[in-house]
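Worksheet for the structure shown next.
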Amino acid sequence: MQGKIVKVSGPLIVAENMADCRMYDVVRVSDKGLIGEVIELRGDRASIQVYEETSGLGPGEVVESTGMPLSVELAPGLIGGIFDGIQRPLTRIAELYGDRITRGISVTNLDHEKEWEFIPLVKVGDKVCAGDFLGYVQETPIVSHKIMVPQGADGTVTSIERGMFNITQTVAKIATKSGEREVSMLTRWPVRRGRPYREKMSPTMPMITGQRVIDTLFPIARGGVAAVPGPFGSGKTVVQHQLAKWADADIIVYIGCGERGNEMTDVLNEFPALKDPKTGEALMKRTVLIANTSDMPVAAREASIYTGITIAEYFRDMGLNVAIMADSTSRWAEALREMSGRLEEMPGEEGYPAYLSSRLAEFYERAGIVKTLGSDERVGSITAIGAVSPAGGDLSEPVAQATLRIVKVFWGLSSSLAYRRHFPAIDWLVSYSLYADRLTAWYTRNASPDFNELRAFAIRILQEEAELDEIVRLVGADSLSYQDRLILETAKSIREDFLHQNAFHETDTYTSIAKQVRMLRLIREYHRLGAEALAAGAAYEKLVNLPVREKIGRVKYIEESDLAAFDGIMEQLKREIRELEGGDGRVERV
């Protein structure tokens, strides 16, 4: 079907004679073959969002519909891939066309020529249903890529064989009610439609990230959703990079949505060099990157979020745990605002479309922990973490507010902490996690019986410090009692020795839950014994200058393999506080 352009307005074009088109169909625009997507239909006119530069287009040029919705290709070859917002492979485009993406290029999303070794998991005569594993391809040393029975192909396997195949060749045949169906390793799926599952469940365990402020104070559940809002320079990208590197997910999908090109370059340079802590292989061997930087057409940002979540759902259906990072949803919302303005829709607050909240919810609702399709009991999860970049850090703006109404974890970044070189700059006074109570049982069972007491202790001390700071600013620290001064010292230890974490230090960049518990227990014991010693009349100056405090400040650098060293420091702490009492047991008075 062919239509003709009647209007061009930036990335939006309007074409007539498109009555047979459907919403979200992909079209090719003009003789240049630009990729577009139908986003509005009025009579025989279609409004089309074009994902490439539209300069030079004019009325009268041809628009051809493909009759297919915007879809991604799902098959071996995804892992380690670097794609743009509509899943065009940037590495192959660079090889074929040079450093710039030429308009109207036609290249398959995945490599259709490369052969993979397919290893069957079923045999002829087996009955299979949608979601069952037919076989697998060892795509990387880390990822065993399962080939699943596609939708509507329930039946009996009539042919399957092991061998080297490209992703379009038939690897199995299934006798279904409607006849024999040939199955290849390639599946296509519309990005705007969530992949089906059997049942969505409530999250019950955390996604361990190795970041102390997150795992201990504001945990995110596996299958949960979180937002990382903050002003420019507060470390949103650093936090997301750390989560992508260290979160205990099987697959990472990282979406650079409208961010600066240098930030995506950091990812591209760092990830291949980083080692996965669990396997020792390059981190890139379990990562999919979608790079849609700020100098690419703004419309493609809108698709990049859906492309990423669809790829994440595909790996979730294999029973894997996926973490998806969207950096940032504010840039994505800007693309919505631009297209809404060009469609001349009634604007909402600050010019954003009235449906901003529902579009954000559509994205975050596709995260979760689910029982997947298939005859075996499989559970997979998607944990979604979205950065929000409000202008000037103003959290009252529409994107931040709409996000906060949806997500369950809020890691509020503070520019004042970032300026003091405190990273991660997550402000413990404004952040929260609504998963904390739900995860109590898991932490008690798997971390430590007193974990939740330790967490409550840290939060209480930090809140009391904030209250005492008001008094200190007015009348000075000397006006405080020794017990209150001890609270300030303990809070300083929690901030500097526990919450502050060096992303570039080999040991400090990741901390296991077992080590986090020992670190916080040491700080709590110092506070408890110190308070008892002060009550008994010990000298405050000697208490805060104990030699063991320097060791407490350096426990973050203890290797994970040497956690027994904490026991020695704990014994030293108890011994030094006992020595404040003097040799004959009398407390040394001030």
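The values are calculated or read from the model by the stated rules, or taken from the named source; none is laboratory data. Computed from a predicted model, the values in this text were never measured in an experiment. As a convention, Cβ positions derive from the backbone with ideal geometry for all residues, glycine included, and neighbour counts pool all protein chains shown. Just the protein is used for accessible areas: all its heavy atoms, side chains included, with ligands, DNA and RNA removed. Shrake-Rupley method; radii C 1.70, N 1.55, O 1.52, S 1.80 Å.
When each of P196, P150 is tested for being in a loop (DSSP other than H, G, I, E, B), out of contact with any helix residue (DSSP H, G or I) (no Cβ under 8 Å at 6 or more places or on another chain), touching a residue at least 60 places away in the same chain (Cβ under 8 Å) and over 28 Å from P272 (Cβ atoms), the lone residue that passes is P196. Restricting the stretch 312-346 to residues that are in a loop (DSSP other than H, G, I, E, B) and within 16 Å of the chain's Cα centre (by Cα), the residue that is nearest to I147 (Cα to Cα) is L320.
Among the residues in the stretch 436-445, are any loosely packed, with under 13 Cβ neighbours inside 10 Å and under 15 Å from F218 (Cα atoms)? Yes - at least one qualifying residue is present in the stretch 436-445. Evaluating R495 against the criteria (1) in contact with a Ser or Thr (Cβ under 8 Å, 6 or more places away or on another chain); (2) surrounded by fewer than 20 Cβ atoms within 10 Å (Cβ to Cβ); (3) part of a helix (DSSP H, G or I) leaves one unmet condition, (1). Only residues that are closer than 19 Å to G553 by Cβ and outside any loop (DSSP other than H, G, I, E, B) were counted in the stretch 498-525, giving 13. All of I119, I93, I39, I48 fail the test of being touching a residue at least 40 places away in the same chain (Cβ under 8 Å) and out of contact with any Lys or Arg (no Cβ under 6 Å at 6 or more places or on another chain), apart from I39. Residue count for the stretch 365-397 under the criterion of being among the charged types (D, E, K, R), surrounded by fewer than 18 Cβ atoms within 10 Å (Cβ to Cβ), touching a Lys or Arg at 6+ places or on another chain (Cβ under 9 Å) and in a loop (DSSP other than H, G, I, E, B): the result is 1. Exactly one residue among S47, S30 is surrounded by 19 or more Cβ atoms within 10 Å (Cβ to Cβ) and more than 26 Å from W332 (Cα to Cα), and that residue is S30. Can you go through G58, G104 and tell me which one is in contact with a Lys or Arg (Cβ under 6 Å, 6 or more places away or on another chain) and in contact (Cβ under 8 Å) with a residue 40 or more places away in the chain? It is G104. Being without any contact (Cβ under 8 Å) to a residue 40 or more places away in the chain, closer than 30 Å to D154 by Cα and of a type in the set (G, A, S) is true of G135. All of M284, M264 fail the test of being at negative phi, buried (at least 19 other Cβ atoms within 10 Å of the Cβ) and free of Cβ contacts under 8 Å to residues at least 40 places away in the same chain, apart from M264. Here are E362, E349: which of them is modelled with pLDDT under 95, more than 18 Å from Q49 (Cβ to Cβ), among the charged types (D, E, K, R) and surrounded by fewer than 20 Cβ atoms within 10 Å (Cβ to Cβ)? Of the residues listed, the single one that is modelled with pLDDT under 95, more than 18 Å from Q49 (Cβ to Cβ), among the charged types (D, E, K, R) and surrounded by fewer than 20 Cβ atoms within 10 Å (Cβ to Cβ) is E349. Looking at V213, V253, V239, just one residue is open to solvent by less than 20 Å² (accessible area, probe 1.4 Å) and part of a strand (DSSP E or B), and that residue is V253.
In the condition set (1) polar (S, T, N, Q); (2) within 21 Å of R342 (Cα to Cα); (3) touching an Asp or Glu at 6+ places or on another chain (Cβ under 8 Å), T54 is compliant with all but (3). Pairs linking a residue in the stretch 355-369 that is on the phi > 0 side of the Ramachandran plot to a residue that is not hydroxyl-bearing (S, T, Y), with Cβ atoms under 8 Å and 6 or more positions apart or on different chains, are G368/K200; G368/M201; G368/P203; G368/G223; G368/I382. Exactly one residue among E117, E113, E64, E53 is modelled with pLDDT of 90 or more, within 29 Å of G3 (Cα to Cα) and open to solvent by 30 Å² or more (accessible area, probe 1.4 Å), and that residue is E64. Of all residues in the stretch 73-86, those satisfying the criterion of being in a loop (DSSP other than H, G, I, E, B) and in contact with a helix residue (DSSP H, G or I) (Cβ under 8 Å, 6 or more places away or on another chain) are L78, I79, G80, G81, D84, G85, I86. Quickly run through the stretch 161-170 and pick out the residues that are open to solvent by less than 30 Å² (accessible area, probe 1.4 Å), among the hydrophobic types (A, V, I, L, M, F, W, C) and part of a strand (DSSP E or B). F165, the sole residue that qualifies. Here S178 passes the criteria (1) hydroxyl-bearing (S, T, Y); (2) without any contact (Cβ under 8 Å) to a residue 60 or more places away in the chain; (3) more than 26 Å from R193 (Cβ to Cβ) except the one numbered (3). Confirm whether I406 is β-branched (V, I, T), over 15 Å from the mean Cα position of the chain (by Cα) and surrounded by 15 or more Cβ atoms within 10 Å (Cβ to Cβ). The answer is yes for I406.
When restricted to residues that are modelled with pLDDT under 90, surrounded by 13 or more Cβ atoms within 10 Å (Cβ to Cβ) and touching a helix residue (DSSP H, G or I) at 6+ places or on another chain (Cβ under 9 Å), the stretch 87-106 contains 2.
Cβ separations smaller than 8 Å between residues 6+ apart or across chains give the following pairs from the stretch 527-551 residues that are in contact (Cβ under 8 Å) with a residue 12 or more places away in the chain and assigned to a helix (DSSP H, G or I) to residues that are among the polar types (S, T, N, Q) and open to solvent by less than 50 Å² (accessible area, probe 1.4 Å): H527/T490; G530/T490; V548/Q572; R549/S493; K551/Q572. Any idea which residue in the stretch 411-436 is nearest to A384 (Cα to Cα), counting only those that are among the charged types (D, E, K, R) and over 22 Å from the mean Cα position of the chain (by Cα)? Within the stretch 411-436, the match that is nearest to A384 (Cα to Cα) is R421.
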